[in-house]
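Some notes on the structure that comes next.
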């Protein structure tokens, strides 16, 4: 897998802090591929967007870059792309996704129940995605029907750079007033893990995004999907730290 050049992100030099001190207060959930079954649709929309611009890639090649926003995904596949081309491809992808796929999205089994379980455990629940604010709102309100279970949302519209830059997670932490030592990420792509590391966070990975375990290196634990994490919640990293009183 090729990752984009580190600019504009800062080098991943910060490591997640040990959790022997501050107790866990917040869970930061990625959405696409983690809570909502959408990665395949994003791949198809990107493939068509690239094709319309005269560039064709294998679906597997595009999939290996899913999890980033267009500002990082496009340069990963087209290193010489101009800013104008990046923005054009982002807009085409967005329009294609909204037109052909947004109405076909479904939550993964037990995704909403997992959010509820985290709330019941006393955690602050945050959605942190590189997707646009419009897409995040659709997923939260219409697909997951979980607005009542989420305390805050951080989207690509809140930051300058998408994952694997740490901006989305850092914005999420700031919104709920917790430190990286008091939070943990649940995601499905290598870019979630790298962005978490750059923000000083630990990450739990789910295989529901269809990445191999070796691509999810750096996660402190790996589960099949939201249902698997929920079923093993009591033995997961989410239960080993004390929930706030």
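Quick notes on this structure:
- Using a Förster distance of 30 Å, the FRET efficiency for residue 103-residue 51 (Cβ separation, nearest 0.05): 0.85
- Euclidean distance between Cα centres, the stretch 102-124 to the stretch 171-218, Å: 17
- Residues 168, 43, 86, sorted so that the one with the fewest Cβ neighbours within 10 Å comes first: 86, 43, 168
- Among 161, 100, 63, residue whose mean-square fluctuation peaks in a GNM of the chain (springs only between Cα atoms under 10 Å): 100
- A Gaussian network model of the chain, with springs between Cα atoms under 10 Å, assigns the largest mean-square fluctuation among 229, 59, 73 to 59.
- Over the stretch 74-163 - Rg/Rh using Cα atoms and the Kirkwood inverse-distance radius: 1.05
- Residue exposure sequence - 189, 124 - by fewest surrounding Cβ within 10 Å: 124, 189
- DSSP beta bridges confined to the chain are antiparallel in about 5 percent of cases.
- Cα-based convex hull volume of the stretch 143-214 per residue, rounded to whole Å³: 104
- Kirkwood hydrodynamic radius over Cα pairs of the stretch 39-104, then Stokes diffusion coefficient at 10 °C and 1.306 mPa s, in µm²/s: 137
- Residues 132, 38, 155, sorted so that the one with the fewest Cβ neighbours within 10 Å comes first: 132, 155, 38
- The relative contact order of the stretch 39-104 comes to 39 percent, based on Cα pairs under 8 Å that sit 6 or more residues apart.
- Mean ellipticity per residue at 222 nm, deg cm²/dmol - from DSSP H runs of n ≥ 4 across the chain, formula -39500 (n - 2.57): -10500 deg cm²/dmol
- Dividing the convex hull volume of the alpha-carbon atoms in the chain by its residue count gives 108 Å³ per residue.
- Fluctuation leader among 79, 190, 109 - the chain, Gaussian network, Cα springs under 10 angstrom: 79
Computed from the coordinates by the stated procedures, all read-outs in this text should not be read as laboratory data. Model, not experiment: these values are computed from the prediction. Here the Cβ is made from the backbone with ideal geometry for all residues, glycine too, and neighbour counts use every protein chain on show.
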